[in-house]
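Bear in mind these aren't lab numbers, they're just calculated from the coordinates by the rules spelled out. Because the structure is a prediction, the values reported are computed rather than measured. Every residue, glycine as well, gets a Cβ built from its backbone with ideal geometry; the counts of neighbours run over all protein chains shown.
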Amino acid sequence: MMLPHPALHATHAGIWIAHPDGRVEAVTRGAAIARAAETPTIFLNAPLVASRLGYPELSGLDLLELFAFVHPARFAVPTPKGLADALGLPEPEGDEAAARFLGQAAATLLATLSGDWPERAGAWASAQALHRLRWPWAGVVAARLSRPGRDEPWLFSVLPEWEETGGRPPPRPIRLDAGATADRLAHLVGSDAEPRQGQRDYAAAARAVFDPRPAEGRPNMLLAEAGTGIGKTLGYLAPASLWAEQAGGAVWVSTYTKALQRQLDREGARLFADPSVRRRRIVVRKGRENYLCLLNLEDALQGGFAGRAAILAQLVARWAAYTKDGDMIGGDLPGWLTSLFRRAGATALTDRRGECVYAGCPHYRRCFIERASRASQDADLVIANHALVMVNAARGRETGNPPTRIVFDEGHHLFDAADSTFAAALTGQEAIELRRWILGPEGRSRGRRRGLSARLLDVASYDEAGAAALGAAVQMAGALPGDGWLQRLAEGAPFGPIEALLAAVRGTVYARASAQDAGYGLETELAEPDAALVEAAAPAVEALELLHRPLVALGKRLEAVIEDAPDWLDAQARARIEGAIAGLSWRTQTLAGWIALAARIGGPGDPDFVDWLAVDRVEGREFDIGLHRHWLDPTRPLAEAVLKPAQGVLVTSATLRAGGDWDTAEARTGAAHLDAPIGRFEAASPFDYAAMSEVLIVTDIRKGDTAALAGAYARLIEAAGGGALGLFTAIQRLRAVHARIADRLARSGLPLYAQHVDPIDTGTLVDIFRDDPRASLLGTDALRDGVDVPGDSLRLVVMEGVPWPRPTVLHGARRAAGGGSSYDDRVVRARLAQAFGRLIRRQGDRGMFVLLSSATPSRLLAAFPPGVAVTRLTLDMAIARVAARLSSGAAAGDATAAWVPSGGAQ
C-alpha cells in the first residue's frame with residue numbers, strides 16, 4: 001500500500017516529484033522547496049537532497065532513517081539502486097523511476113513492521129520514544145507496530161556481559177613446519193582457486209617471522225613487497241593462524257585503513273566457518289573513540305540530547321541491541337546514519353575525551369570497549385590499526401604484555417603512522433581535553449561529572465596523601481585553557497599562563513607566516529623567537545610543572561593502594577583504579593612532552609626533533625593554535641617501543657619500496673635501527689599491467705586554468721562512460737571543478753560524487769562509487785590509497801597534477817636531511833604508485849591513468865610498473881584514446897575488447 005505522501009528525488013540532472021497516484025513530474029528547484037516545506041515528503045538522504053536543492057532546512061520522511069529503524073546494524077548503499085538491492089526490489093531505471101521507487105521502498109519497509117522480523121525486539125518501545133520526540137516517521141511506524149504482550153526490557157539489561165578470564169600463558173616457542181604452512185595456505189585458498197606460486201613463496205618466507213628470536217632486541221623481521229594480486233592477505237594468515245594454534249599465542253595484524261580491516265574480518269570465515277568460534281578467535285580492535293559509550297548513550301536517552309540529536313540517540317540505541325561489536329566508526333553502524341543528523345551528537349556518544357570511569361560505570365560489565373579488550377587477550381588474531389598497535393606495544397612494556405608477533409599490512413604507511421603516534425602538540429584543543437579529563441565537563445552539562453575527583457572519591461577518603469595530590473592536580477588544572485579560549489585570544493584577553501603562551505604563538509605565526517592557500521592553516525618554524533614568545537614561555541612551563549608533579553604523585557599513591565589492597569578494594573574498584581593509573585601514565589607523559597617543548601623556546605633546538613608554531617584554520621576560521629614537535633625520524637621511537645620488544649615482525653605492502661630501494665624501505669619502516677639481519681622478500685604482481693593498463697600525460701592543460709582543468713575532467717569522464725576516480729592535491733580546486741562539471745555529467749547519466757562537497761562520509765562515498773559503474777568520484781589524499789574498487793566501477797584514474805609534497809616546516813626539515821630533491825622524488829613516486837594501484841585490483845581489470853601535467857619529469861615515471869606504456873599527448877588525443885580503450889570495451893562487456901596498448905614512453 002502506497003503512502004499518501006509525495007516523494008522527491010533530486011540529482012545534478014534535475015528534480016522529480018512522484019505523487020501518490022503514480023504520476024511523476026519534473027519540477028524546478030523553487031517548486032520542489034515549496035512542496036517539501038508544506039507537505040511531508042519522502043526522500044532518500046536528506047543532507048544530500050538538501051545540498052542539491054540549495055535548501056539546508058529540508059526536513060521530512062527520510063528513507064534512510066526508516067531503514068535504520070527497521071534494520072539496525074544492516075547496511076544499504078544510500079542510493080535508489082542500493083536501497084533496492086537491500087530490500088530485494090527491482091532496481092529503478094532512470095530518474096523518474098527512482099522518484100516513483102521511493103514510495104515503493106517506504107511501503108516495503110513499513111510492511112515489514114506488521115509481522116515478525118529479525119530486529120523486532122525493542123522496536124515498539126523505541127517507536128514510542130521516537131513519537132515523543134516528533135520523529136517524522138513515528139506516526140506511520142506506530143500505526144503498524146503491535147504492542148508486545150509484555151513490556152520490552154531496557155536496552156542496558158539485554159546487552160550481554162563480558163566474562164573475566166585468567167589470561168593466557170606465554171606462547172610456546174615453536175618453529176612452523178614448511179609442509180604444514182603450505183597445507184594451511186591450501187586450505188585457506190580452497191581447492192577451486194588457481195594456484196599461485198608467488199603466494200606460496202610469500203607464505204613460506206613469512207613463516208620465518210614466527211620462529212623464536214635469536215636474542216633480546218633482535219626480532220625476526222621480514223620486509224615483503226608483494227604486488228597486487230599475489231594474495232598476500234592469505235599468504236600471511238596461513239603461518240599466522242598456524243602459529244597461534246600451535247603456540248597458543250596471539251598475532252596482531254595491523255592495517256592503516258578501515259577497508260582492509262573489514263576485508264581481514266571477512267577472510268576470517270576461511271579460518272573459522274562457525275561464526276561463534278570466529279568471534280572468539282578473531283577480534284577487531286580499535287581505539288576507544290571508535291566505540292559507543294553506554295554511559296553517554298544513557299545520558300542522551302534520559303534527556304541529555306534534544307531535537308535531532310535525541311532522535312539520533314534513539315536510532316543508535318536500536319543499533320546497539322544488534323551490533324556485533326559496538327563500533328560506531330567503520331563497524332556495522334552505517335556510515336551515513338550520523339551524517340543524516342549533520343553529526344549532531346554523534347561524537348558525544350563515543351569516549352572521545354578519555355572520561356571513562358571504568359568499573360565505576362553501571363554498564364561496565366556490558367561495555368563494548370572492555371569486551372573488545374578482553375576478547376583480544378584470548379584471540380588468535382587481533383586485527384587493529386597501526387596507531388593502536390604502536391600505543392599498545394609502548395604501554396605493553398609497562399604491563400609486561402606487549403604484542404610479540406606483529407604483521408604490519410599496508411606497511412608503506414608505517415612511517416606516517418609513527419610520525420603521528422610519537423608526536424607532541426601543545427595546543428589549545430589538546431589542553432582543554434586534559435582540563436576536562438581532570439575537572440570534568442564545564443557548563444550546565446546534564447551528564448555526570450567525570451573529573452578525577454568524582455572517579456577517585458573513595459581513594460581520596462582513604463588515602464590522605466592521595467587526596468592531597470588529587471586536590472593539587474584539580475587546582476592546577478584551572479590554569480589550562482577552558483571554554484571560550486579561542487575568543488579570548490582573538491580579543492587579546494588570554495586567561496592564565498597557557499593561554500598567554502598560545503596568544504604569543506598566534507602573534508608570532510601571523511607576523512611571520514604566509515598562507516599557501518588563502519584561508520587555510522599557517523605555520524612557522526620555532527626559531528629566533530620574539531620577546532613576547534620568550535616571556536610567555538617561562539610562566540607556562542611553571543604552570544605545566546605544577547600540574548605534572550601532583551599527577552605523578554597521584555599515580556604513585558594509586559599504585560600503593562592497589563599494592564596494599566584495603567578491605568573495600570573489590571574487583572570493580574580495582575579495575576577503576578587501574579584504569580585511572582593507565583590514564584595518568586598517558587597524560588603525565590603528554591605533559592612531560594609539553595614541558596620539554598615549551599622549555600625549548602628561547603633555547604637551543606634538539607636535532608632529533610622538528611618544532612614549529614601553527615594556527616590551524618578552515619576557510620579562514622581558526623580552530624586550534626599551538627606548538628608542535630615531531631621526530632625528524634619517527635622510526636627511531638618505533639624501533640625502540642614496538643620492534644625491539646617483539647619476537648617477530650612482518651612489514652608488507654604492494655608498494656613497500658615505491659620511490660626508493662630496499663635501503664629506503666628499511667629506513668621508512670624502522671628496520672634500519674635494529675641490530676639484527678633483516679629479511680627481504682619480493683614477488684611481482686601476476687597481472688599483465690603492460691597489456692591491461694596505460695599511462696597518459698596530458699601536455700596542454702595550463703597550470704592554474706581552472707576552467708580548462710574542469711573541462712578536461714568532464715571530457716575524460718564522458719569518454720570513459722564514468723568509472724573515474726579523480727584525485728586532487730587541493731580541496732579548493734576539487735570544489736571548483738565539481739561545481740563546474742557535476743550538472744553536465746548528470747545530464748549524460750553520469751553521477752558525480754565528491755569528498756568535501758557531498759555531505760556523506762568517505763567510506764559511504766566509496767561504497768556508492770563501487771556500486772554504480774557509471775558513477776565517478778572526486779577526492780584528495782584519503783582516496784589515493786586504501787580504496788579497493790575492483791572491476792568496471794574504477795577504470796580511469798585522473799590526477800590534476802604531480803602530487804608534490806606541501807612545503808611545510810616538517811617536510812622542509814626532512815627534505816634537507818633526506819637528500820633534497822631526491823627525497824621529494826621518492827615521496828612523489830610513492831604517491832604515484834599508490835594512485836596507480838587503485839586501477840588493477842583483480843584479474844581481468846583494465847584501466848587508464850591520466851596525469852594532467854605537462855611538467856611531469858621523466859625521472860618520476862619509474863613509479864609505474866615495468867612495461868606499462870607512458871605517452872605524452874594532447875587532451876584531445878587522450879580523450880580519443882580513453883574512449884577507444886574504455887568506453888567501447890565497457891559497452892561490449894568484454895574486459896579485453898578494443899584494448900590494444902600503445903607503444904612505449906614518448
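Restricting to bridges with both residues inside the chain, how much of the DSSP beta-bridge set is antiparallel, in percent to the nearest 5?
Bridges in the chain are about 35 percent antiparallel.
Mind jotting down the distance between the C-alpha centroids of the stretch 816-889 and the stretch 105-169, whole Å?
51
For the stretch 672-706 and the stretch 321-389, compute the distance between their C-alpha centroids and round to whole Å.
36
Around residue 741, what is the net charge, scoring Lys/Arg as +1 and Asp/Glu as -1 over all other residues with Cβ under 10 Å from its Cβ? Walk me through the numbers before you get to the answer.
Details: positive: 715, 740, 744; negative: 718, 743.
Around residue 741, the charge tally is +1.
By its C-alpha gyration tensor, with a ≥ b ≥ c as the square roots of the eigenvalues, how is the chain shaped: rounded for a/c under 1.5, else prolate for a/b larger than b/c, else oblate? Intermediate values should be presented prior to the final figure.
Values: a/c = 1.31, a/b = 1.11, b/c = 1.17.
Rounded, because the longest to shortest axis ratio a/c is under 1.5.
Going highest first, how would you order 107-117, 543-553 by mean Cβ packing within 10 Å? Write down the numbers at each step before the final one.
On the way: 107-117: 14.4, 543-553: 20.1.
The packing order, highest mean first, is 543-553, 107-117.
Rounded to the nearest 0.05, what FRET efficiency do residue 531 and residue 876 have when you use their Cβ-Cβ distance and R0 = 51 Å?
Details: r = 60 Å, r/R0 = 1.18.
Given R0 = 51 Å and the Cβ-Cβ separation, E is 0.25.
Taking Cα pairs under 8 Å and at least six residues apart, what relative contact order does the chain come out at, in percent?
14
How much length would be gained if the chain were fully extended between residue 514 and residue 859, taking 0.36 nm per residue of separation minus their Cα-Cα distance, in nm to one decimal?
Stretched out fully, the residue 514 to residue 859 stretch lengthens by 121.1 nm.
Please list, ordered by chain and number, the residues whose modelled amide H lies under 5 Å from the amide H of residue 27; skip anything fewer than 5 residues away on the same chain.
15, 16, 17
Hey, got a sec? Which GluC sites (Glu not before Pro) in the stretch 606-702 land in a DSSP loop and have at most 13 other Cβ atoms within 10 Å?
Sparse-neighbourhood loop GluC sites (Glu not before Pro): 619.
Pop a pseudo-label 7 angstrom from the Cα along the beta-carbon direction at both residue 675 and residue 387 and give the gap in nm to one decimal.
3.4
Can you compute 3J(HN,Hα) from phi for each residue in the stretch 775-781, using the Karplus curve 6.51 cos²θ - 1.76 cosθ + 1.60 with θ = phi - 60°, rounded to whole Hz and x for Gly and Pro?
Once rounded to whole Hz, the list reads 7, 10, 9, 9, x, 10, 4.
Place a point 7 Å from Cα of residue 192 in the direction of its Cβ. Which residues in the stretch 229-271 have their backbone N less than 16 Å from it?
270
Thinking of the stretch 149-250 as a set of Cα atoms, what percent of all their pairs are more than 22 Å apart? Let's see the in-between values first.
Numbers: 2434 of 5151 pairs.
Roughly 47 percent, rounded to a whole number.
What fraction of the Cα pairs in the stretch 450-551, stated in percent, has a spacing above 16 angstrom? Working shown, then result.
Numbers: 3405 of 5151 pairs.
Looking at the stretch 450-551, the distances longer than 16 Å represent 66 percent of pairs.
Could you work out how far the C-alpha centroid of the stretch 589-668 sits from that of the stretch 173-250, in angstrom?
31
Please list, by residue number, everything in the stretch 451-470 whose backbone N is under 17 Å from a paramagnetic label point 7 Å out along Cα→Cβ of residue 495.
Label zone hits: none.
Per-residue ellipticity at 222 nm for the chain, helices alone: DSSP H runs ≥ 4 residues times -39500 (n - 2.57), over residue total, nearest 500 deg cm²/dmol?
Calculated at 222 nm, the ellipticity per residue is -13500 deg cm²/dmol.
How long are the three semi-axes of the equivalent ellipsoid for the stretch 689-892, computed from the Cα gyration tensor as the root of 5 times each eigenvalue, in whole Å, largest first? Can you show the working numbers first?
On the way: eigenvalues 130, 76, 57 Å².
Semi-axes, largest first: 26, 19, 17 Å.
Among 722-728, 9-15, how do they line up from the highest to the lowest mean number of other beta-carbon atoms within 10 Å?
Highest mean packing first, the order is 722-728, 9-15.
Starting from the amide H of residue 407, placed 1.01 Å from N in the peptide plane, find each other amide H under 5 Å away whose residue is 5 or more places distant or on another chain.
252, 253, 254, 650
Considering amide H positions built from the backbone, and no H for Pro or chain starts, which residues 5 or more places from residue 874, or on another chain, come under 5 Å of its amide H?
699
What number results when the radius of gyration of the stretch 795-846, computed over Cα atoms, is divided by 2.2 N^0.38 Å?
1.45
Full-extension gain between residue 111 and residue 487, please, as 0.36 nm times their residue separation minus the C-alpha to C-alpha distance.
Numbers: separation 376, 0.36 × 376 = 135.36 nm, distance 5.22 nm.
Result: 130.1 nm gained on full extension.
Over the stretch 689-892, what is the relative contact order in percent, taking alpha-carbon pairs closer than 8 angstrom and at least six residues apart?
Worked out over the stretch 689-892, it gives 36 percent.
If I model a spin label as a point 7 Å beyond the Cα along the Cα-Cβ vector, how far apart are those points for residue 623 and residue 342 in nm?
Reported label-point gap for residue 623 and residue 342 is 1.5 nm.
Can you list the HN-Hα couplings for the stretch 26-39, worked out from phi with the Karplus curve (6.51, -1.76, 1.60; θ = phi - 60°), rounded to whole Hz and with x for Gly and Pro?
Running phi through 6.51 cos²θ - 1.76 cosθ + 1.60 with θ = phi - 60° gives 7, 10, 7, 4, x, 5, 5, 5, 4, 5, 5, 6, 9, 10 Hz.
If you add up the charges near residue 210, with Lys and Arg at +1 and Asp and Glu at -1, over every other residue whose beta carbon is less than 14 angstrom from its beta carbon, what do you get?
Combined, the nearby Lys, Arg, Asp and Glu give +2.
According to the Kirkwood expression over distinct Cα-Cα pairs, how big is the hydrodynamic radius of the stretch 6-122, in Å?
Working: mean 1/r = 0.0691 Å⁻¹.
When all Cα pairs of the stretch 6-122 are included, the Kirkwood radius is 14.5 Å.
Of the listed peptides 359-368, 147-156, what is their order by residue-averaged count of other C-beta atoms within 10 Å, with the highest listed first?
Per-residue mean Cβ counts within 10 Å order the peptides as 359-368, 147-156.
Rounded to whole Hz and in sequence order, give me ³J(HN,Hα) for the stretch 746-759 from the Karplus expression 6.51 cos²θ - 1.76 cosθ + 1.60, θ = phi - 60°, writing x for Gly and Pro.
4, 5, 8, x, 10, x, 10, 10, 8, 4, 6, 10, 6, x
Counting Lys +1, Arg +1, Asp -1, Glu -1, what net charge surrounds residue 136 among other residues with beta carbon under 13 Å of its beta carbon?
Spelling it out: positives minus negatives among the neighbours equals 0.
Here is the link list: 556/644; 81/286; 286/324. Which ones come out longer than 21 Å on Cα distance?
556/644; 81/286
Cα-Cα pairs above 33 Å in the stretch 426-631: how many percent?
Pairs farther apart than 33 Å: 23 percent.
So between residue 25 and residue 157, what do we pick up on full extension, going 0.36 nm a residue minus the alpha carbon distance?
Gain on stretching residue 25 to residue 157: 42.5 nm.
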